[in-house]
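The values are calculated or read from the model by the stated rules, or taken from the named source; none is laboratory data. Predicted, not measured: the structure shown is a model, and the values here were computed from it. Quick reminder, even Gly has a Cβ in these numbers, built from the backbone with ideal geometry, and neighbours come from all protein chains shown.
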Amino acid sequence: MKTDVYQKITDQIVSALEKGVRPWHQPWKAEHANGRISRPLRGNGIPYQGINVLVLWCAAIDHGYSAPIWMTFKQALELGAHVRKGESGTLVVYANKIIRKETDAETGDEAERAIPFMKGYAVFNVEQIEGLPQHFYSQPEKPSETVERIAHAEAFFAATGANIIHGGSRACYVPSTDNIHMPCIEFFCDAISYYATLAHECTHWTKHEKRLNRDFGRKRFGDEGYAMEELVAELGAAFLAADLGLTPEVREDHASYIASWINVLKNDKRAIFTASSHAQRAADFLHGSRQEERAAA
């Protein structure tokens, strides 16, 4: 029987949510990355993106891996290493397409049509592999404690160009005014919680029609459209937190969303792929704002 990649990965995410685990909250301290949090990395150091980030974070939580680096069986062999006997790989995916020629029934003209599909393959964490060069296992000393404000996070969010208004007790993005409202940093238990919340609202900010024009339809709390947008914002914030080296605590105010997320995912096996894709675009857009600011300097 052909493996249904969409269903297999969706089942994995739903299972984690039903256990109260959010697989988009990265599980490692990433001492491998100079003490900073990292997305899962390929053996060549390139970060995974989208749904594969969630899949590998899930696997790391389930198996207790602390290393963020993954590679295929063949890649390990090419480095003179080997996967330990009895170890199981983790399914990751990539998008591809096949080109088919079709003949128009009326005109007889031939035209090419691209048919997209998702293909999976197995990767192994470096902790499942023996004989790799030492730098794949190395763990540099942890950095000293961070100060209240984190300079690189401040610079990142300032460069996005989002209009952020501080004051009050509620964090939200208001589409009608295109403003992000944030409590002052002093109202948060720590600086990292502030930046994680800001990343969530900045992900919402990217949905505006003059940016990514993201719209899932219904907007009321509890409906699928609302739940999907909140899931995108949650994932986008997790991706950005990983990129910025932040380790936020789980936000208690989002606990009420878990049931609606599970409902969405159970009703549509492709929903987590869609949400991950939109979250990746949002994170890329926010990173792009930073690159544009550098280019203009």
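Listed here are the residues, each with its yes/no results for (1) outside the structural domain of residue 5 (by TED's automatic domain parsing); (2) surrounded by fewer than 22 Cβ atoms within 10 Å (Cβ to Cβ); (3) among the hydroxyl-bearing types (Ser, Thr, Tyr); (4) not in a strand (DSSP E or B).
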residue: 49; (1), (2), (3), (4): no, yes, no, yes
residue: 55; (1), (2), (3), (4): no, no, no, yes
residue: 62; (1), (2), (3), (4): no, yes, no, yes
residue: 70; (1), (2), (3), (4): no, no, no, no
residue: 76; (1), (2), (3), (4): no, no, no, yes
residue: 80; (1), (2), (3), (4): no, yes, no, yes
residue: 97; (1), (2), (3), (4): no, yes, no, no
residue: 100; (1), (2), (3), (4): no, yes, no, no
residue: 108; (1), (2), (3), (4): no, yes, no, yes
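Identify, please: which residue in region 172-224 is more than 21 Å from the chain's Cα centre (by Cα) and β-branched (Val, Ile, Thr) and is, among those, surrounded by the fewest Cβ atoms within 10 Å (Cβ to Cβ)?
177
Among the residues of region 251-271, is there at least one that is within 22 Å of residue 41 (Cα to Cα), in a helix (DSSP H, G or I) and either modelled with pLDDT of 80 or more or not assigned by TED's automatic domain parsing to the domain that holds residue 52 (or both)?
Of region 251-271, the ones within 22 Å of residue 41 (Cα to Cα) are none.
No, region 251-271 has no match at all.
Within region 80-119, restricting attention to residues that are hydroxyl-bearing (Ser, Thr, Tyr) and within 31 Å of the chain's Cα centre (by Cα), which residue is farthest from residue 48 (Cα to Cα)? Give the steps one after another, and end with the answer.
Restricting attention to region 80-119, the residues satisfying the condition of being hydroxyl-bearing (Ser, Thr, Tyr) are 88, 90, 94, 103, 107.
When the remaining residues are screened for being within 31 Å of the chain's Cα centre (by Cα), the result is 88, 90, 94.
Working: 88: 19, 90: 13, 94: 10 Å.
By that ranking, first place goes to 88.
Check region 29-40 and report whether any residue there is assigned to a helix (DSSP H, G or I), under 20 Å from residue 247 (Cβ atoms) and modelled with pLDDT of 80 or more.
Taking every residue of region 29-40 in turn, none turns out to be assigned to a helix (DSSP H, G or I), under 20 Å from residue 247 (Cβ atoms) and modelled with pLDDT of 80 or more.
Every residue in region 82-95 that is in contact with a helix residue (DSSP H, G or I) (Cβ under 7 Å, 6 or more places away or on another chain), surrounded by fewer than 16 Cβ atoms within 10 Å (Cβ to Cβ) and closer than 29 Å to residue 276 by Cα, please.
Within region 82-95, 87 is the sole residue that qualifies.
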